[in-house]
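Since every read-out is calculated from the coordinates, none of them should be taken as a lab result. As the structure is a prediction and not an experimental result, all values here were calculated from the model. So basically every Cβ, Gly included, is an ideal-geometry build from the backbone, and we count neighbours across all protein chains shown.
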Amino acid sequence: MDYCAGGGGKTLAMAAMMDNRGQIHAHDTDRNRLAPIHERIKRAGVRNAQVLVPCADHSALEGRMDCVLVDAPCTGSGTWRRRPDAKWRLSADNLAERVAEQDQVLAQAARFVRPVRAAGLCHLLDVCDREHASCRGVSRKQPRISTPAACRFLGEMCENAHFTTIANTMVALSPLKTGTDGFFIAGFQRSNP
């Protein structure tokens, strides 16, 4: 499941990785952000993606996903190299709001994954990755999510020397090292209820 699918970029990437086999469920709570996904899926010839209707009951999918990708709403700090003005619009209140929103999104997404692994992405600010307090805090706030766990997805990413591997369970992408936006990615494992 691509839980925060937006326009579908990650859904399309997963479909390509899966060679159009299996099933991907694309979810987003905002119809406007999700709207472009339909045309993009059609244009790319993707046959293994289903777009979930926002606000509909998706309880039949709970506990059935092998992996849930959560690209939770963030501060956008990873884009500051190409949008430096954005840092001046971020306040302490905005940051606290985003962290609370990320906690809520992760709790909602955790319902869908089997007791295996999920991957989550967030911004590069200290509140997220300093000693990985935010990631360690996930297990305290979400009793069904264990401490960060290694997963195949992160293992494959870590083979690229440009990534900074953190304890084999987390990856940081730096604009300086990778030429990309900044990202922080952590793998989590869901325990049995």
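Annotation for Asp19 and Leu61: the two label points, set 7 Å from Cα along the Cα-Cβ direction, are 2.5 nm apart. What is the list of residues in the stretch 23-50 whose amide nitrogen lies under 11 Å from a point 7 angstrom out from the Cα of Gln108, following Cα to Cβ? Backbone N within reach: 27-31.
Evaluated with a Cβ-only charge set (Lys, Arg +1; Asp, Glu -1), the stretch 1-85 carries a dipole of roughly 400 debye about its Cα centre, given to the nearest 20.
For the stretch 1-104, the share of alpha carbon pairs falling in successive 10 Å distance bins from zero is 14, 38, 32, 15, 1 percent.
For Asn48 and Ala35, the difference between the fully extended length at 0.36 nm per residue and the C-alpha to C-alpha distance is 2.9 nm.
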